[in-house]
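Structure first, commentary second.
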Amino acid sequence: GSHTFTPTNPKDGAVYIITLAQTGAVTADWDSLVKWPAATAPTLSGAGKTDIITLVCYDATGAGLYYGSSVLDFTT
């Protein structure tokens, strides 16, 4: 199924960690409010892997912007 992650009442400096243990092919669509290194959002690694996505809030009072990073391809 489809899931949407929306932090409620974020604070500057808040850290959100999303762990995705995949049993099948999974895709992720990232909101433009998330800024990724080199402006490249991660592509998830696929079935039988675990991906860890970290989001750090840096503008909770304005647009609710986030810096994102990822660690991909852990074998489960």
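The values are calculated or read from the model by the stated rules, or taken from the named source; none is laboratory data. Note that the structure is predicted; figures quoted are calculated from it, not measured. Using ideal geometry, Cβ is built from the backbone for each residue, glycine included, and neighbour counts are taken over all protein chains shown. What goes into the accessible areas is simple: the full protein's heavy atoms, side chains included, and nothing from ligands, DNA or RNA. Shrake-Rupley method; radii C 1.70, N 1.55, O 1.52, S 1.80 Å.
Things worth noting here:
- Counting only residues that are outside any loop (DSSP other than H, G, I, E, B) and among the small types (Gly, Ala, Ser), region 1-35 holds 1 of them.
- Long-range neighbours under 9 Å by Cβ, at least six apart or interchain, first residue part of a loop (DSSP other than H, G, I, E, B) within region 41-70, second hydroxyl-bearing (Ser, Thr, Tyr) and surrounded by 14 or more Cβ atoms within 10 Å (Cβ to Cβ): 41/70; 42/70; 44/70
- Region 18-61, subset within 18 Å of residue 2 (Cα to Cα) and among the acidic types (Asp, Glu), residue least open to solvent (accessible area, probe 1.4 Å): 51
- Meets criteria (without any contact (Cβ under 8 Å) to a residue 60 or more places away in the chain and in a loop (DSSP other than H, G, I, E, B)) for residue 38: no
- Neighbours by Cβ (under 9 Å, 6+ apart or cross-chain): first from region 1-29, touching a residue at least 12 places away in the same chain (Cβ under 8 Å); second part of a loop (DSSP other than H, G, I, E, B) and open to solvent by 100 Å² or more (accessible area, probe 1.4 Å): 12/61; 16/5; 18/5; 21/76; 22/76; 23/76; 27/43; 28/43
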